Amino acid sequence: MPERMDPENRAGSRGNRTEDQMTKFSIALHGGAGTIRKASLTEDAAAGYHAALRDALEAGAAVLRADGTALDAVTAAVMALEDAPLFNAGRGAVFNSDGVQEMDAAIMDGRDRRAGAVAGIFGPRNPILAARAVMERSAHVMMIGEGALKLAREAGLTFADPDHFFTEARWKALQDTLRMRATGAEDDDPARRHGTVGAVARDRAGNLAAATSTGGMTAKTPGRVGDTPIIGSGTFADNATCAVSGTGHGEVFIRFAAAHEIAARIRHAGQSLADAADWVVMQDLAKNDGSGGLVAVDAQGRVALPFNCEGMYRAAIEHEGPAMTRIHDA
Ligand code: ASP
């Protein structure tokens, strides 16, 4: 179910690009993709998701409207999604099979491909800020364990209590999965167990950035790390091509280097963002048990939001046009 914000701008038709568009910002975000049954989503619940998506979009757009950077915009949008208990990141993160929350996050700056990531952490209220601290305060790209937490503390980040991160819905999802496993009746549909948040943006100066944050997959094995913090898999940004944030069955995103594959198709094969993103989501991922989707923006500010499963919580503004939020197809 590919989705493009602006069908006329497909196929890399640079002729459609106006000078005007090049000075306008674009931003897109997701709150996870997977089995989002229309029938079981009440009107009230849907309204709650749309409101949370709108708030996060506005948090990012406000930065861009004030001529802020794409990097600050994706940080702000992802922080808002991490703070919303509805999504699987920060507050509301899923539990691993030991009943522990282990969070992964990454951020990348398209200006110079600087990047920062953390994996398997618990404590910082906004894991995306811990990833950003790795990028800005260390000589490294990825940190884990006590070292990552020490850096976050030194950066002055707010830490939160377990109560802040806990949600009844995620705890119940873990119990349901463990019960199914114990009885051998597990429907091990990965699409049922995942979710993530992420954002991409192009600012008015033409710079791109991507940020992604997740609790991973419900009942994951302790120590498992997904695609989110792996640069080039769940998160990627390069001003020359595009910025991408993925959500879905992380192992497949890693094996297919999903986010970087989109950039490579643009760079080496001259594909449009829409075609490159569709290929990766509908071919590479979909045909290899990789349910999920992604949000992406290219150097011209065009947005693509493809997904290959039932739904993807998503929101976008392209070229400073109207804001949209969606869950299912239309
Ligand atoms: N990609 C994430 C992971 O595998 C989960 C998700 O996005 O749904 O950790």
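Points to keep in mind about this one:
- Rounded to the nearest 20, the Cβ-based charge dipole of the range 264-306 about its Cα centre (Lys and Arg +1, Asp and Glu -1) stands at 120 debye.
- Local electrostatic count, P162, Cβ distance below 14 Å [Lys/Arg +1, Asp/Glu -1]: -2
- Centroid-to-centroid, using Cα positions, the range 145-184 and the range 265-330 are 29 Å apart.
- Under the membrane-span-like helix rule (DSSP H runs whose alpha carbons stretch at least 27 Å along the helix axis, mean Kyte-Doolittle hydropathy -1.0 or higher), the chain yields 43-65.
- Surrounding net charge for I128, when Lys and Arg each add one and Asp and Glu each subtract one, Cβ distance under 12 Å: -2
- Dimensions of the range 68-108 based on its C-alpha atoms, expressed as ranges along the principal axes with the largest first, amount to 41, 20, 8 Å.
- Charge dipole of the chain (Cα centre as origin; +1 on each Lys and Arg Cβ, -1 on each Asp and Glu Cβ, all else neutral): 340 debye, rounded to the nearest 20.
- Length gained on full extension, D161 to E43, computed as 0.36 nm times the residue gap minus the Cα-Cα distance: 39.3 nm.
- Whole-Å semi-axes of the range 238-278's equivalent ellipsoid (Cα gyration tensor): 18, 10, 9
- Most to least packed among 105-113, 143-151 [average Cβ atoms within 10 Å]: 105-113, 143-151
- For the pair H50 and A139, a Förster radius of 30 Å applied to the C-beta separation gives a FRET efficiency near 0.15, rounded to the nearest 0.05.
- Of all DSSP beta bridges in the chain, antiparallel share, percent nearest 5: 90
- Legend: distances between Cα atoms for K150/K287; K38/K287; K38/K172; K24/K220; K150/K220; pairs beyond 31 Å are K150/K287; K24/K220.
- Charging the Cβ of each Asp and Glu at -1 and of each Lys and Arg at +1, and nothing else, the dipole of the range 176-330 about its Cα centre rounds to 280 debye.
- Relative contact order of the chain: 27 percent, from C-alpha pairs under 8 Å at least 6 residues apart in sequence.
- Shape metrics for the chain, restricted to C-alpha atoms - Rg then Dmax, Å: 18.0, 61
- Take each peptide in 170-178, 229-237, count the other Cβ atoms within 10 Å of every residue, and average; sorted highest first, the result is 229-237, 170-178.
- Average Cα contact separation per residue, the range 200-330, under 8 Å, 6 or more apart, as relative contact order %: 21
- Considering only A219, A182, A80, the Gaussian network model of the chain with Cα springs below 10 Å gives its largest mean-square fluctuation to A182.
- Dimensions in Å of the range 65-166 - Rg and Dmax from alpha carbons: 13.3, 44
Read-outs throughout are calculated quantities, based only on the coordinates presented, and are distinct from any laboratory measurement. Since we're looking at a predicted model, the values are computed, not measured. As a convention, Cβ positions derive from the backbone with ideal geometry for all residues, glycine included, and neighbour counts pool all protein chains shown.
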